[in-house]
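Remarks on the structure that follows.
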Amino acid sequence: MSKLEGNERWKTKMIMTEHVEQFEEQQRNAGSNMITIDERTMVRDFILLPYIDTMVGKSLKELEHSGNILKRAYSMAGQAIQRRIMQDTYRLQKELKQRNIKVLADEQDEFILYHKVFCRGYQERFGLTRDVMRTEISLRLTKYTAEIGAILKEPTT
């Protein structure tokens, strides 16, 4: 809030119309530089996707050394999930770049992982607790697995 807002004498002074329009435009644009809820979700997903990829990669390595008879099928499904993770990562990276948002790892506390988010001239500290990360990773892996399952259920003609 500027000094002139709320000042009753301001309303009685003669001002040029373009000055009023410029002031109102500045007030509207000031809020548009802040990060939105959708962008926060994108930042969260962008942070989590490398962890998901690492987890799937470890599972695939463990699978190589197992004697499971469906090893090849599981491996193909895991590789399809990894491809999807990479596609989502690339898409998010591109979208964040278009919106002028940069995400950098900051520090790691006992239970919280912090990142610095630079958004259109503003800097913000973004933290994720381990519990939230675990839950979100589980939900995302379930979604990827369901997508693979839906593809496998499609009738072939």
Of Ser59, Ser66, ordered by accessible area with the largest first and a 1.4 Å probe, the sequence is Ser59, Ser66
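R0 = 25 Å: FRET efficiency of Asp131 with Gln82, Cβ-based, nearest 0.05?
On the way: r = 25 Å, r/R0 = 1.00.
The computed FRET efficiency comes out at 0.50.
Would you mind getting me the FRET efficiency between Gln93 and Ala146? Use the beta-carbon distance for r and R0 = 25 Å, nearest 0.05.
On the way: r = 24 Å, r/R0 = 0.97.
The value I calculate is 0.55.
So what's the net charge close to Glu107: Lys and Arg +1, Asp and Glu -1, counting the other residues with Cβ under 13 Å from its Cβ? If you can, show how the numbers build up before the last one.
Details: positive: Lys116, Arg125; negative: Asp106, Asp109, Glu110.
Computed value for this residue: -1.
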For the stretch 77-139, what class follows from the C-alpha gyration tensor (a ≥ b ≥ c being the square roots of its eigenvalues): rounded when a/c is under 1.5, otherwise prolate if a/b is larger than b/c, else oblate? oblate
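The values are calculated or read from the model by the stated rules, or taken from the named source; none is laboratory data. Small disclaimer: the values here were computed from a predicted structure and weren't measured. Cβ: placed from backbone, ideal geometry, glycine included. Neighbour counts: every protein chain shown. Accessible surface is based on the protein model in full, side chains and every heavy atom, while ligands, DNA and RNA are left aside. Shrake-Rupley method; radii C 1.70, N 1.55, O 1.52, S 1.80 Å.
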